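Novice: The following block contains the structure, expressed as structure tokens.
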């Protein structure tokens with residue numbers, strides 16, 4: 001049975017926007033008694049005055065199967081998405097180009113731009129995508145073995161204990177962690193022969209081998225030679241005099257469910273830990289040192305005020321959202337920034353001016369597990385704005401996962417959320433109950 005025309009009412013708008021917490025019979029009204037907030041709207045957009053407009057329809061651009069993990073950055077000429085088990089690039093002309101095959105099925109992918117490249121990870125696989133859509137691991141692979149060492153006469157080495165390690169350099173200029181040191185005792189006026197130098201598996205992507213030799217006097221590893229891949233033997237006749245090694249004991253960062261870059265370091269959410277790299281050594285980490293643990297799985301990892309005052313990281317587990325204050329892990333002060341955690345994946349960065357903040361820089365935005373939209377500010381402050389000032393009456397459904405999209409279209413600035421396994425929030429009740437409590441000493 002439909003609605004008769006005479007039962008329809010002409011509405012100018014709902015200036016307070018959405019309100020899904022008040023009882024259905026208690027929505028806010030104007031002085032004249034007209035409702036000024038709407039309970040639910042389907043395929044409708046509202047302008048600043050609350051006037052509704054039917055949302056535009058959609059046209060199929062690309063067919064797909066199990067499409068997910070769409071992402072873009074204004075500084076890059078393409079976006080990324082997953083279709084089936086393949087990561088694709090989407091160009092402005094809607095042309096799609098396959099980039100990486102063989103992804104684990106159904107796992108959401110996290111992305112982070114690093115200069116002119118993108119770091120990506122789905123929890124079990126990870127990598128780097130260059131501006132030309134070339135693909136590489138997060139870090140240059142580490143040599144798996146050390147060369148054999150032998151002593152020969154007629155050299156200029158002083159007597160003492162020497163150690164040698166090898167690293168690789170890839171086509172992007174990134175240096176790997178070092179091989180395990182090989183040690184040898186050298187008599188005076190000798191030279192060393194290093195045979196069987198380890199070789200990279202892919203010499204096109206990793207075209208260089210670098211050899212470091214420790215001094216017999218100070219024990220510091222210094223560059224002795226940088227050789228093209230394919231050279232397997234080196235004669236060392238004098239002490240090394242190049243720059244000191246700074247990747248000793250470093251290994252590639254593991255894949256994780258989240259990734260971000262902050263103050264020259266790469267951070268990865270790995271289960272209930274946040275792992276990180278040394279400064280400007282993206283993709284590498286010290287396995288036994290560079291990590292911070294939390295009470296549960298890390299669902300949010302977001303940088304704010306990178307390189308300026310108030311810098312830090314927002315990190316959320318299942319119970320709380322924390323702020324790690326400071327530009328360096330050595331300076332971190334961990335405080336509770338918000339009393340609940342975040343919906344996994346439901347995060348992005350938005351211009352602060354969209355939220356009437358006095359900044360045009362990007363700020364992290366996420367959906368908390370209580371359904372509130374949260375904005376992280378420098379210094380660790382979290383604000384929970386609502387559609388209109390003074391109307392904190394709307395929450396988003398709870399979910400096991402989600403994604404956010406910031407969209408500017410036809411004069412509208414929209415934050416769009418899609419949720420997995422959405423369930424109504426406990427706060428968004430439709431009915432009321434009155435309970436009377438009796439104490440044992442009441443008459």
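Novice: With contacts defined as alpha carbon pairs under 8 Å and 6 or more residues apart, what's the relative contact order of the chain in percent?
Specialist: The normalised contact order for the chain reaches 10 percent.
Novice: Please work out the Cα center distance from segment 278-317 to segment 1-73, rounded to the nearest Å.
Specialist: Taking the Cα centre of each part, segment 278-317 and segment 1-73 sit 39 Å apart.
Novice: If you don't mind, there's one more thing I want to ask. I need 290, 134, 93, 116 ordered by Cβ neighbour count within 10 Å, fewest first.
Specialist: 93, 116, 134, 290
Novice: With percent of Cα pairs over 39 Å apart defined as stated, name the option among (1) 44; (2) 38; (3) 59 computed from the structure displayed.
Specialist: Of the listed options (1) 44; (2) 38; (3) 59, (2) comes from this structure.
Novice: For residue 54 and residue 241, what is the calculated FRET efficiency with R₀ set at 60 Å and r taken between the beta-carbons, to the nearest 0.05?
Specialist: Rounded to the nearest 0.05, the efficiency is 0.25.
Novice: Which of 330, 316, 368 ends up with the largest GNM mean-square fluctuation for the chain, with Cα atoms connected below 10 Å?
Specialist: 330
Novice: Then there is this: For segment 225-336, what relative contact order do you get, as a whole percent, if you take Cα pairs closer than 8 Å and at least 6 residues apart?
Specialist: 17
Novice: Here is a further query. Residue separation times 0.36 nm, minus the C-alpha to C-alpha distance between residue 34 and residue 407: what's the value?
Specialist: This chain segment gains 131.2 nm when fully extended.
Novice: With the contact rule set at Cα under 8 Å and sequence spacing of 6 or more, what percent relative contact order holds for segment 148-236?
Specialist: Over segment 148-236, the number comes to 35 percent.
Just so you know, all these numbers are worked out from the coordinates, no wet-lab data involved. None of the values given here were measured: they were computed from a predicted structure. Cβ sites come from the backbone with ideal geometry, for glycine too, and all protein chains shown count toward neighbours.
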